[in-house]
Amino acid sequence: MDSLEPQEPPWKKLKLSLERPYKDDSGEPIPELLDITPDGQHIYRPREDPTAAVGTKLRRIFLERGLDFFDAEKGTRTSIARESQEDAEQADASPKDGESSEPSHHMTPEELIKMRLLLMPQLYVAFGEMTQARDLLTLLLSSSLSTQPSTLPPSPLAATVVTKPPPIISLQAFNAQLTIGGKDKALRSAADLFKSAADQMEQSRVSGEKYWVDALKIRRGNWGLIPAPLPLGSATGKGADKTSKDFLISYGLEEAPTLFRRRAIGRMSTLGAGSSSLEFPMRQRTRLRVSISRTSPDGTRQNSHNLLSDPDDGSLDGSLRAAQAEVVEQEVFAALIREASSLPTASAEVSERLILIDAAQNTELRFELVDGDKLSNDDREIDPYCDLVYSLLHVLLSRAHAVLKSSRLSKASIAPVPAVQPPPILQPIIDILQYREFWERVREEIDRVVAALRLAGVSTKVHYDPVADGGETLVASLLSDKSRPVGGDALLRIDDRHTLRFTTASPSTLIVHLPQATLPIASISQLTQLLVDEISSRLLSRICEIGTELCERVNGTWFVDLLSGRSVGRWEGCTLNFRINFVGDAISCSASRSGRDNRPSHVEGYRPGGQLSLLEWVRHTIESSLGR
């Protein structure tokens, strides 16, 4: 079983010790080599006996310090103060003629140290001079150019060359491994250092090229580039170089307030570590959301908002457009806050990031700054009217900027120019929403009457045009200094004969054009009454036409009594009256016939939904009256 086990190679069994070897391969102590004679004889350091070494050191102590060294050392500490006092007394009692006291025969350790410090440098100097003289003599003796016979004894001084003995094989292998490993590590570190430096230089070159390519793209996109301010600590004195070393990107509107123009500052990243090469230090990442909340007649509440799209598609132009949209919307929101407190036809509630306005009846307008990083658009809640309001805010802001710019340019002249107040932004929006609500109520009334006429079988056509102007005309009107109200019209045609025309204007102006007059309508109830009266008169006139046609052979006479609201037909021995009434959303008609005594003898009524239409029933009633 032992033979089947794999045996390790001998080099793996080799163990090297980092300790200095003190024994040879035979286990004998390695002597310390001191010198080698010219004859090649090695002189080793003799082995010292520890006991003899201690004895020698003790003997030197007694020889150098005296036999009473231990006694003197024991009483040194107790007699220091007494000796110092005695020395002071002796100094005071010294004779005035300058005779010195007799020196002490024993040296103290302090004196010995001073003497040693004094003598040792001189001894080292003497030792160096002797060594230099010996080397010089050795050089002169070894020279072969000397022809004079030497008078020195043979080999008085000899130079000895000492070479260090080679280490053992295992130590040589270990030293070689350490040397090779150290060199390999050093070479690898140097290679990695050069490689990293080369990579950084290449990245710096690519980043510099990309920086200027992006700058040219931004300039080609017609974005504003302005000089960057000097760095902190730069010299600004007379004669200093004040040239800007960089530039900034200005993407704000020209006539915007200073606060928003300072926010609309971007710079190009020089590090290139991020995903985007543009940096926006003061970007708040908020978007303006326009919401409209309406309450239906049954009490349900419907909320809708505009569609918010992110123009940032990853390109430089997309990033700048996204940042510009945020700054413009923040400026619009600030203008809405200023105007919300002075609305003449609506009430508003204002907070830091929310504006609530009761724009019209059952209609609430909401402006809110939402987080741009968490945009969510629900298709079921998106309303085109909210998109219209969102777009109109930008159009009206452009109009205000145009007025401010013309005022600023006119101030450059010498003639005094009065201060110009910028046109409002919020009030036209409120007018449009109120106009929408007003138009829906007007349309609801007209549709109710049209439905009643069609139910009665009367041919009726209606045409609505809430905004009579085209898109270009409307935008031009909004951009002008004095905007015109939004207007529309409605056309109602009854029985292909009579026409009623209505014109509207924002926020709540309604005018009806009649053949005999043009009347302004002040309320919905007035509009309802007008429709009832006009439709009743038109139907009564139509009944008179039918009666005149049928009673031609009996010489009947038909006319409309406007005071009593009836159509009257008379012929020999008979009088026939027709009345038109509106009952709810339906039209009813009643007919009464009277004889010569003017007493109604027969009354008939018409209810919609039958087989006959209103005019057919009138014809049938007249024919039956003629037959009697």
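A compact table of results
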{"read-out": "Residue check, residue 500 in a strand (DSSP E or B) and closer than 23 Å to residue 343 by Cβ", "value": "no"}
{"read-out": "Output for segment 236-262, where each listed residue is in a strand (DSSP E or B) and in contact with a helix residue (DSSP H, G or I) (Cβ under 9 Å, 6 or more places away or on another chain)", "value": "247, 249, 250"}
{"read-out": "Considering residues of segment 458-501 that are within 50 Å of the chain's Cα centre (by Cα) and among the charged types (D, E, K, R) only, the residue nearest to residue 532 (Cα to Cα)", "value": "489"}
{"read-out": "Count of residues meeting criterion [in contact (Cβ under 8 Å) with a residue 24 or more places away in the chain, under 29 Å from residue 406 (Cα atoms) and either assigned to a helix (DSSP H, G or I) or not charged (D, E, K, R) (or both)] in segment 470-497", "value": "7"}
{"read-out": "Residues that are touching a strand residue (DSSP E or B) at 6+ places or on another chain (Cβ under 6 Å) and of a type in the set (D, E, K, R), drawn from segment 539-563", "value": "561"}
{"read-out": "Residue count for segment 540-557, restricted to those that are in a loop (DSSP other than H, G, I, E, B) and under 19 Å from residue 616 (Cα atoms)", "value": "2"}
{"read-out": "Test: residue in segment 370-379 that is surrounded by 15 or more Cβ atoms within 10 Å (Cβ to Cβ), touching a residue at least 60 places away in the same chain (Cβ under 8 Å) and in contact with a helix residue (DSSP H, G or I) (Cβ under 6 Å, 6 or more places away or on another chain)", "value": "no"}
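Every number here is computed from the coordinates shown, using simple stated rules; none is lab data. Predicted model only: the values in this text are computed from it and were never measured. Neighbour counts run over all protein chains shown; Cβ positions are idealised from the backbone, glycine included.
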